[in-house]
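S.K.: Just dropping this structure here.
The values are calculated or read from the model by the stated rules, or taken from the named source; none is laboratory data. Just so we're clear, the structure is a prediction, and the values are computed from it rather than from any experiment. Here the Cβ positions follow ideal geometry from the backbone for every residue, glycine too, while neighbour counts run over all protein chains shown. For accessibility, only protein heavy atoms count, side chains too; no ligands or nucleic acids. Shrake-Rupley method; radii C 1.70, N 1.55, O 1.52, S 1.80 Å.
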Amino acid sequence: MPTATAHSSPLPEPVSGTSHRRPLLNALGRGLVRFILSVQGLGAFALISLGVLVTNFGVARNVIHPLTLQQTFRAGVRLLPLALFLSMALGFVVIGQTVALLNRVGAQQLLGTVMVTVVVRELGPLLAAMLVLSRVGTATVVELGTARALGEVEALEVLGIDPIHYFVVPRFAGMAAGLFALTVYLILGALLSGYLWAFLQDVPLLPSDYFRQLATNLSWLDFFLLAAKTAGFGSVIGLVSCFHGLAQPLSLNEVSGATVRAVGQSIVLCVLLEALFIVVYLVA
Amino acid sequence: MLDLTPPAPPGTPVVEMRDVVVTSLRHPDEVMLQNVNWTVAAGEFWTVAGLLRSGKSDLLALAAGIMSPASGSYHLFGNELTAGFEHERMALQLRLGLVFDGGQLLHHLTLEHNIALPLRYHLGDAKANVEPRVRELLEFTELSRWAHRLPNQVNRNWQQRIGLARALALKPELLLLDTPLTGLDPKDAAWWTDTVSALAAGHPVVDGHRLTLVVTADSLEPWRQRATHFAVVRERQFIALGPPERWPARNEPWLEELLPTSKRNH
């Protein structure tokens with residue numbers, strides 16, 4: 001790193017490019033180490049959380065169940081208006097772009113195939129995940145980071161309450177269940193709005209034909225993988241946001257940085273999970 | 001469900017630290033106290049005094065089992081405390097209560113729900129178990145009227161009172177209080193000293209059992225006539241002082257900081 005002394009020195013700058021590359025290499029190295037440590041910490045946190053979920057299953061139901069319902073409601077119901085708005089937009093975008101093309105080649109019967117492939121299998125779950133991440137995941141990091149900074153984790157420990165059980169398990173389970181519900185609403189909304197937009201564009205397609213096309217293209221594997229994918233996205237977002245809010249001591253001014261990291265890592269992990277499911281679809 | 005253990009008989013060691021090194025709760029690499037050798041027996045009332053950042057809150061956090069000693073051994077109720085959150089450890093933890101400086105209440109719960117939380121978590125949701133106890137503790141803190149408020153809607157002193165009620169909810173044997181008199185006016189300070197003394201003597205809110213007490217303080221004076229044992233933390237050392245009549249007679253500067261000479265010689 002150049003210093004004030006180096007700038008004022010009469011000596012010429014080194015000719016070799018090595019010194020110019022070093023800060024870049026250092027930054028890359030630091031980034032890599034930080035990434036590895038983060039993955040390691042996240043993995044350990046996920047295992048601990050799953051362990052607590054299993055071993056404390058049924059413990060203090062009267063406290064944990066309402067919290068889980070609250071989180072499910074937050075991710076699955078309170079986001080419903082925005083999810084419906086997005087579903088209308090999604091139906092419009094997909095139909096708007098494909099109808100003209102399909103009309104040109106006389107392949108309206110493929111409209112259902114396109115909707116199942118694009119909306120049900122790919123965009124629906126991913127869009128719902130991004131919605132939950134932006135509205136619930138970020139709020140979770142802020143809430144838990146604040147609780148951590150204010151010493152509430154220590155307060156729970158002294159009361160004999162496992163902070164993972166109280167703070168993480170309801171959010172983890174609630175986000176997975178809520179995201180599944182939200183994805184179902186979003187997909188249904190997009191499929192319905194898709195037909196609406198097709199109707200408005202005078203596509204000669206009866207509702208019965210459209211829904212028959214959808215039903216023909218859907219298989220049991222779609223339902224199973226949709227459930228698995230949304231639960232996976234919800235778990236990833238829940239764990240990553242809880243990890244960044246809770247797993248390390250934070251001061252209040254560090255909460256915003258933790259939130260940014262949680263968003264970045266959640267997106268990367270969700271996309272990786274999405275890629276894994278694409279492979280499963282291709283193999284199946 | 002709560003596993004009730006019979007209380008330790010008077011005189012039995014409750015807290016035993018041997019050559020313990022205490023680190024900072026917030027900065028675990030920073031050593032606050034070294035070679036702490038301290039035994040608190042059941043029924044004793046200790047005051048541990050020290051200046052700001054002397055490590056008294058960290059000592060209390062370690063005594064409460066929130067963190068482990070960097071080295072040395074710590075036995076709570078005769079059992080060595082290990083790191084992590086385990087069921088055996090939880091059973092020990094339920095026998096003590098800690099009142100944090102400022103209360104450290106859960107900010108999303110109302111005052112009454114903060115008190116009810118340990119009861120609901122450990123005893124179940126039976127209203128017959130929880131509601132009367134919460135009412136009793138609210139009356140004890142004289143804050144029944146504000147039961148439905150959130151912590152940030154009441155002042156720091158009241159938050160700390162609710163912290164006391166929450167710590168007493170499960171009727172602990174050992175009560176640790178972290179600087180309860182900080183920033184209080186004389187009336188509120190008197191409430192705290194009277195209440196803590198009553199708890200030491202056996203208050204109805206804990207079924208008349210004499211609690212074992214450890215109070216940390218910035219000054220020894222308010223507790224001089226109340227506590228039975230005294231200690232000071234300074235320069236990373238834990239120094240047991242014994243009863244007031246055995247305190248150093250000469251004007252030690254460090255004792256002067258914690259107790260004005262005029263008052264010490266009375």
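S.K.: Which number in (1) within 21 Å of A:ALA181 (Cβ to Cβ); (2) touching a residue at least 60 places away in the same chain (Cβ under 8 Å) marks the one condition that A:LEU273 misses?
M.R.: Going through (1) within 21 Å of A:ALA181 (Cβ to Cβ); (2) touching a residue at least 60 places away in the same chain (Cβ under 8 Å) one by one, A:LEU273 breaks only (2).
To keep it simple, each residue is scored yes or no on (1) out of contact with any Cys (no Cβ under 6 Å at 6 or more places or on another chain); (2) closer than 26 Å to A:LEU80 by Cα.
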position	(1), (2)
A:TYR185	yes, yes
A:LEU188	yes, yes
A:PHE233	no, yes
A:GLY238	yes, yes
A:LEU252	yes, no
A:THR259	yes, yes
A:VAL263	yes, yes
A:PHE277	yes, yes
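S.K.: Determine if segment A:193-208 includes at least one residue that is loosely packed, with under 14 Cβ neighbours inside 10 Å, among the charged types (D, E, K, R) and closer than 24 Å to A:LEU111 by Cα.
M.R.: Yes, because at least one residue in segment A:193-208 is loosely packed, with under 14 Cβ neighbours inside 10 Å, among the charged types (D, E, K, R) and closer than 24 Å to A:LEU111 by Cα.
S.K.: Counting residues that are within 14 Å of chain B (Cβ to nearest Cβ) and within 24 Å of A:VAL268 (Cα to Cα), which helices (runs of 4 or more DSSP H) fully inside segment A:90-173 reach at least 3?
M.R.: Of the helices (runs of 4 or more DSSP H) lying wholly inside segment A:90-173, those with at least 3 residues that are within 14 Å of chain B (Cβ to nearest Cβ) and within 24 Å of A:VAL268 (Cα to Cα) span A:138-149.
S.K.: Does segment A:102-111 contain at least one residue that is β-branched (Val, Ile, Thr), open to solvent by 10 Å² or more (accessible area, probe 1.4 Å) and at pLDDT below 85?
M.R.: So in segment A:102-111, the residues β-branched (Val, Ile, Thr) come out as A:105.
If we keep only those that are open to solvent by 10 Å² or more (accessible area, probe 1.4 Å) too, we end up with A:105.
Subset that is at pLDDT below 85: A:105.
Yes: one or more hits.
S.K.: Among the listed residues A:ARG78, A:ARG74, A:ARG30, A:ARG22, which satisfies the condition of being modelled with pLDDT under 90 and surrounded by 11 or more Cβ atoms within 10 Å (Cβ to Cβ)?
M.R.: So the residue among A:ARG78, A:ARG74, A:ARG30, A:ARG22 that is modelled with pLDDT under 90 and surrounded by 11 or more Cβ atoms within 10 Å (Cβ to Cβ) is A:ARG22.
S.K.: Residues that are more than 14 Å from chain A (Cβ to nearest Cβ), open to solvent by 40 Å² or more (accessible area, probe 1.4 Å) and without any contact (Cβ under 8 Å) to a residue 12 or more places away in the chain: list the helices (runs of 4 or more DSSP H) wholly contained in segment B:28-144 that include at least 1 such residues.
M.R.: Hits in segment B:28-144: B:127-141.
S.K.: Within segment B:169-182, identify whether any single residue is under 21 Å from the mean Cα position of the chain (by Cα) and surrounded by fewer than 17 Cβ atoms within 10 Å (Cβ to Cβ), and answer yes or no.
M.R.: Taking every residue of segment B:169-182 in turn, at least one turns out to be under 21 Å from the mean Cα position of the chain (by Cα) and surrounded by fewer than 17 Cβ atoms within 10 Å (Cβ to Cβ).
S.K.: Can you name every residue in segment B:148-189 that is at positive phi and of a type in the set (Gly, Ala, Ser)? Before you say what the answer is, go through the steps one by one.
M.R.: Of all residues in segment B:148-189, those at positive phi come to B:171, B:179, B:183.
Scanning segment B:148-189 gives a single hit, B:GLY183.
S.K.: How many residues are open to solvent by less than 10 Å² (accessible area, probe 1.4 Å) and part of a loop (DSSP other than H, G, I, E, B) if we restrict to segment B:145-168?
M.R.: The total comes to 1.
S.K.: Then there is this: How about segment A:41-54: which of its residues are farther than 18 Å from A:GLY174 by Cβ and exposed (fewer than 12 other Cβ atoms within 10 Å of the Cβ)?
M.R.: A:LEU47, A:GLY51
S.K.: Being modelled with pLDDT of 90 or more, touching a Lys or Arg at 6+ places or on another chain (Cβ under 7 Å) and surrounded by 17 or more Cβ atoms within 10 Å (Cβ to Cβ), is that true of even one residue in segment B:217-227?
M.R.: Within segment B:217-227, none of the residues are modelled with pLDDT of 90 or more, touching a Lys or Arg at 6+ places or on another chain (Cβ under 7 Å) and surrounded by 17 or more Cβ atoms within 10 Å (Cβ to Cβ).
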